[in-house]
1. Does segment 162-169 include one or more residues that are open to solvent by 40 Å² or more (accessible area, probe 1.4 Å), in contact with a helix residue (DSSP H, G or I) (Cβ under 7 Å, 6 or more places away or on another chain) and more than 24 Å from residue 108 (Cα to Cα)?
2. Testing residue 175 on (1) touching a residue at least 24 places away in the same chain (Cβ under 8 Å); (2) exposed (fewer than 15 other Cβ atoms within 10 Å of the Cβ), one condition comes back false. Which one is that?
3. Name every residue in segment 108-160 that is open to solvent by 70 Å² or more (accessible area, probe 1.4 Å) and not in a strand (DSSP E or B), in order of residue number.
4. Would you kindly identify the strands (runs of 3 or more DSSP E) lying entirely within segment 244-320 that contain at least 3 residues that are surrounded by fewer than 23 Cβ atoms within 10 Å (Cβ to Cβ)?
5. Please verify whether segment 142-151 includes one or more residues that are closer than 14 Å to residue 123 by Cα, in contact with a Phe, Trp or Tyr (Cβ under 9 Å, 6 or more places away or on another chain) and small (Gly, Ala, Ser).
6. Return a yes/no flag: does segment 179-190 have any residue that is part of a strand (DSSP E or B) and of a type in the set (S, T, N, Q).
7. For residues that are touching a Gly at 6+ places or on another chain (Cβ under 7 Å) and without any contact (Cβ under 8 Å) to a residue 40 or more places away in the chain, tally how many sit in segment 246-272.
8. Given the condition out of contact with any Lys or Arg (no Cβ under 9 Å at 6 or more places or on another chain) and farther than 30 Å from residue 319 by Cα, answer yes or no: does some residue in segment 30-46 qualify?
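The values are calculated or read from the model by the stated rules, or taken from the named source; none is laboratory data. Remember, predicted model here, so these are calculated numbers, not experimental data. Positions of Cβ are generated from backbone atoms using ideal geometry, with glycine treated the same way; all protein chains shown enter the neighbour counts. Calculation scope for accessible area: heavy atoms of the full protein, side chains included, ligands and nucleic acids excluded. Shrake-Rupley method; radii C 1.70, N 1.55, O 1.52, S 1.80 Å.
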Amino acid sequence: MPRILSDGAYRYEVIEDWGTLPPGWSYGEVAAVGVDSKDNVYVFNRGQHPMMVFNRSGEFLRSWGEGLFVRAHGIHVAPDDTLWCTDDGDHSVRHMTTEGKVLLTIGVPGQHAPYMSGDPFNRCTHTALSPQGDIYVSDGYGNACVHKFAPNGKHLKTWGTPGSDPGQFNISHCICCDHQGWVYVADRENHRVQVFNGDGKYEAQWNNLHRPCGLYLAPGKKPTFYIGEIGPRMPVNRDLPGIGPRMTIVTDKGERIARFGDNGTGLKPEQFIAPHGIAVDSHGDIYVGEVSYTAWAEAFPATPRPSPLRSLRKLVRLGA
């Protein structure tokens, strides 16, 4: 019997085993997912084959990135179908073709800026492009800021400092940019998404989110945002219901459209473990990458980790 996640008009069938891997291969865990204009799916993972590419049906097409990436974290598919791959273990962002050719590298691979210095990069997390081609990078684990670069990779400006006030960050984890050039940042440990203009001026924030981790903007005249909330992990609240892990869909004003999967951390089809990376294809289907191996020990410290552990699922939109 199909397992359905739903809230109002948003209904999805859960496909547990989507994606056919070559024999003996595994994802490890999936940090990010991207979808190109042909609905090919790019799975940026922490296994031995960092970028795995599938067609919409889940047929394996190719892999690349072996020996290049240290720790997959974020992926952004540009309008021309090139990829921006953010490696927080290597402190770098690489602009790449769909076949794995490096076009541009921002940052010095293997070298990091001083902790909380505001200089690029110290464990950068995600990359987004403006309509004009400006590049925005959230620098979230060893910094608390956003960097803006010109299309040629020249550093233009940085904004953000550690803290919880407007314009400050406590892990700037994911970033996207809309058709007007506004910038949206998942400020994970401040439990909010912050909104800025293209020059870093604070405009608004969306609250009532619990550790927003993945952030994906589905383009269109009425932009829709898909947010993966990674849920509680502290011993005092990791079993608390009603705060994820879950998926939330909102308008460009932060108004909630739908929320589903809020059934505690677990392996059941209706549950999430750690929704870290999100992408949506032209049919409205959602691909969810989960950093399950990292999250398991925090969520279930007394329970041996299953092997293999689910880290990628497809949610097929019903009746869209």
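1. Scanning segment 162-169 turns up at least one residue that is open to solvent by 40 Å² or more (accessible area, probe 1.4 Å), in contact with a helix residue (DSSP H, G or I) (Cβ under 7 Å, 6 or more places away or on another chain) and more than 24 Å from residue 108 (Cα to Cα).
2. Checking residue 175 against (1) touching a residue at least 24 places away in the same chain (Cβ under 8 Å); (2) exposed (fewer than 15 other Cβ atoms within 10 Å of the Cβ), the one that fails is (2).
3. 108, 111, 112, 114, 115, 119, 123, 131, 132, 151, 152, 154 - these are the residues of segment 108-160 that are open to solvent by 70 Å² or more (accessible area, probe 1.4 Å) and not in a strand (DSSP E or B).
4. Qualifying strands (runs of 3 or more DSSP E): 246-251, 256-260, 312-318.
5. Within segment 142-151, one or more residues are closer than 14 Å to residue 123 by Cα, in contact with a Phe, Trp or Tyr (Cβ under 9 Å, 6 or more places away or on another chain) and small (Gly, Ala, Ser).
6. Looking for residues that are part of a strand (DSSP E or B) and of a type in the set (S, T, N, Q), one finds none in segment 179-190, hence no.
7. So the count comes out to 4.
8. Yes, because at least one residue in segment 30-46 is out of contact with any Lys or Arg (no Cβ under 9 Å at 6 or more places or on another chain) and farther than 30 Å from residue 319 by Cα.
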